[in-house]
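Enquirer: One structure, as structure tokens, below. Some questions next.
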Amino acid sequence: MIDPVEEPPLTGITVVSVEQAVAAPFATRQLADLGARVIKVERPDGGDFARRYDTAVHGESSYFVWLNRSKESITLDLATDRGKEILGRLLADADVFVQNLAPGAAARLGLGTDVLTERFPRLIPCSVSGYGTSGPWADRKAYDLLVQCQTGLVSLTGTPEGSARTGISVADIAAGMYACSGILTALFARATRGTVRAVEVSLFEALAEWMSQPAYYTRYGGGQPPRLGTQHATIAPYGAYPAADGKEVLFSVQNEREWSALCERFLGRPDLVADPRFATGPDRVAHREELNTVIAGRFRELDSRAVMKLLDTAGIANAGVNDVAEFLAHPVLSARQRWRSVALPGERTVSALLPPVDLAGTAPRMDPVPAVGEHTDAILARLGYDADDIERLRAAGVI
């Protein structure tokens, strides 16, 4: 990696976020990675509820640790006039405001896009919702798995015997990614054109975009792709098979050259290259079960290392099906020095992955994960509140 020679690109940008759970915190953490100052507004009575999803990371939530490094935490009761006043003072100096409150909550608190745009003309407001802020489902709560169900993703994931959720919060992650890119675009437009644009992203529409290929396939192909576990619905062979030692190895054949190489150099069956059952990609999909029988038989003759070595020699893309522990020990992550130590509350640390985008000449921020309200006093002091003011606010339950 190139040693950093300049400040991160968003240094000087201030983001205020009334956020919870996954989608909005993922968007703002990426902004923090790029150098933005992110002020996370939390409830005085325990903060972001994602703090209590689990206690796996030295007593901290694995979700919260992942999503909230490099942020400042202030506790505010936004149901109080003083809490709203303090938030207003923060927004007056901010560049971006992000919220993913429950349906209708932002408007009730005076944090709707129209109100914010009128009060703070330079502020870029970003709303992350479940199904959009208008339309027939605007008032419905939406969590990740509900959205996976509504977009049809769950119907595609699993085996012929049953559907399954994806193993990560894919709808939240999609929405967080689009919120981040939307905010960056809005910052660019403000800097280059002087125009301020509000950003809106919904979990449903973010994941709907990711569902486009199966949507096209279903609408124009006469039926949706089947659930096939690790097999591919429209390409064969493409999937995982158990080797003699029990470990599964996934491989993919993408073209006729690779099919010939598989038959001749891995399967030892050059006669299959021109077999009419397998001559083309659609033929192989149509005769998937017969093809799988041949491949599974060959896999049973070799351990996983031998399988992967032979596939490599044949020029066929392949990979062992790792569990999470094997992923953590992956040689690519260690050789490319992707792990960094990040501080947790209580003088503990966690190993965290660098953000996946490397910007030459800069380094991402990898600052501590905050305790609830850790920066409240410091933030209020910067706004002009003295120690007595802060104590009165705390006594009144505002902070």
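Enquirer: Within the chain, what is the longest stretch that has no GluC sites (Glu not before Pro) placed in a DSSP loop and near at most 15 other beta-carbon atoms within 10 Å?
Expert: 7-160
Enquirer: Okay, moving on. Short version: ³J(HN,Hα) in whole Hz for each residue of the range 215-222, in order, from phi by Karplus 6.51 cos²θ - 1.76 cosθ + 1.60 (θ = phi - 60°), x for Gly and Pro, what are they?
Expert: Couplings: 5, 4, 4, 6, 5, 10, x, x Hz.
Enquirer: To continue, here is another question. Any chance you could check the Cα centroid distance between the range 322-399 and the range 80-155 for me, in angstrom?
Expert: Computed from Cα coordinates, the inter-centre distance equals 24 Å.
Enquirer: Further question: Any idea what the dipole of the chain comes to, in debye rounded to 20, about its Cα centre with Lys/Arg Cβ at +1 and Asp/Glu Cβ at -1?
Expert: It works out to roughly 420 debye.
Enquirer: Additional query: With the chain treated as a Gaussian network of Cα nodes joined by springs under 10 Å, which of TYR143, TYR131, TYR216 yields the largest mean-square fluctuation?
Expert: TYR216
Enquirer: Check ALA244: other-chain or 5+ apart residues with amide H under 5 Å from its amide H, H built from backbone geometry?
Expert: LEU302, ASP303, SER304
Enquirer: I've got another one for you. Would you mind telling me which residue in VAL98, VAL285, VAL16 has the biggest mean-square fluctuation in a Gaussian network model of the chain, where springs connect alpha carbons within a distance under 10 angstrom?
Expert: VAL285
Enquirer: Which whole-Hz ³J(HN,Hα) couplings does the range 183-198 yield from phi under the Karplus relation 6.51 cos²θ - 1.76 cosθ + 1.60, θ = phi - 60°, glycine and proline marked x?
Expert: 5, 4, 5, 5, 5, 5, 5, 5, 6, 9, 10, x, 9, 10, 10, 6
Enquirer: Near the amide H of ASP367, under 5 Å away, which other amide H atoms are found, from residues 5 or more places off or on another chain, if H is placed in the peptide plane?
Expert: Amide H neighbours of ASP367: SER70.
Enquirer: Taking other Cβ within 10 Å of each residue's Cβ, how do TYR53, TYR220 sort, fewest first?
Expert: Values: TYR53 15, TYR220 7.
Result, fewest neighbours first: TYR220, TYR53.
Enquirer: Post the alpha-carbon centroid distance, the range 1-69 to the range 172-219, in whole angstrom.
Expert: After rounding, the separation between the Cα centres reads 19 Å.
Each reported figure results from applying straightforward, stated rules to the coordinates on display, with no laboratory input. Source: prediction; values computed, not measured. Cβ atoms come from the backbone with ideal geometry, glycine included; neighbour counts cover every protein chain shown.
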